[in-house]
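Here the structure comes first, spelled out in structure tokens, and everything after it is commentary.
The values are calculated or read from the model by the stated rules, or taken from the named source; none is laboratory data. From a predicted model like this one, the values you see are computed outputs, not experimental measurements. A quick note on method: Cβ atoms are made from the backbone with ideal geometry, for glycine too, and the neighbour counts reach across all protein chains shown. SASA here: full protein model, heavy atoms, side chains in, ligands and nucleic acids out. Shrake-Rupley method; radii C 1.70, N 1.55, O 1.52, S 1.80 Å.
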Amino acid sequence: IRLAWRTTGGGAEFAVTDTGEGIELMHIPHLTERFYRVDTARSRASGGTGLGLSIVKHVLLRHDASLEIESDIGRGSTFRCVFPASRTVRV
């Protein structure tokens, strides 16, 4: 897993990138839905509740930010939190 924080021309981004199995394109629009799981065979006991990305999305919305998800099967995924300039502070 790689974590990256960078400023952009329009604000800032925080990204989490993995080298896992990737996520099929058909699932990406649904990943931020409450209780959505790509692997329906997993139970709550072994794989979480399906709330994590839904919570992330709602926290970002409160900060006028957004979540972008990119994935390539067999190569991994990137989850990017994009913050507008109005929500960043230069130090």
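Restricted to segment 37-69, and to residues that are open to solvent by 60 Å² or more (accessible area, probe 1.4 Å), modelled with pLDDT of 90 or more and out of contact with any Leu (no Cβ under 7 Å at 6 or more places or on another chain), which residue is farthest from Arg87 (Cα to Cα)? For segment 37-69, the residue satisfying everything is Ile55.
Screening Gly10 against (1) more than 30 Å from Arg90 (Cβ to Cβ); (2) at pLDDT below 90 leaves a single unmet condition, (1). Reported count of residues in segment 70-91, each being among the charged types (D, E, K, R), closer than 22 Å to Gly9 by Cβ and at pLDDT 95 or above, is 2.
Scanning segment 44-59 for residues that are in contact (Cβ under 8 Å) with a residue 12 or more places away in the chain and farther than 16 Å from Pro29 by Cβ yields Thr49, Leu51.
On the given criteria, is Thr88 β-branched (Val, Ile, Thr) and open to solvent by 100 Å² or more (accessible area, probe 1.4 Å)? It is false that Thr88 is β-branched (Val, Ile, Thr) and open to solvent by 100 Å² or more (accessible area, probe 1.4 Å). If you take the residues of segment 1-36 that are more than 12 Å from the chain's Cα centre (by Cα) and of a type in the set (Phe, Trp, Tyr), which of them is surrounded by the most Cβ atoms within 10 Å (Cβ to Cβ)? Here the residue is Tyr36.
Quick check on my filter: what residues within segment 60-91 are assigned to a helix (DSSP H, G or I) and either free of Cβ contacts under 8 Å to residues at least 60 places away in the same chain or closer than 15 Å to Leu31 by Cα (or both)? Result: Leu60, Leu61, Arg62.
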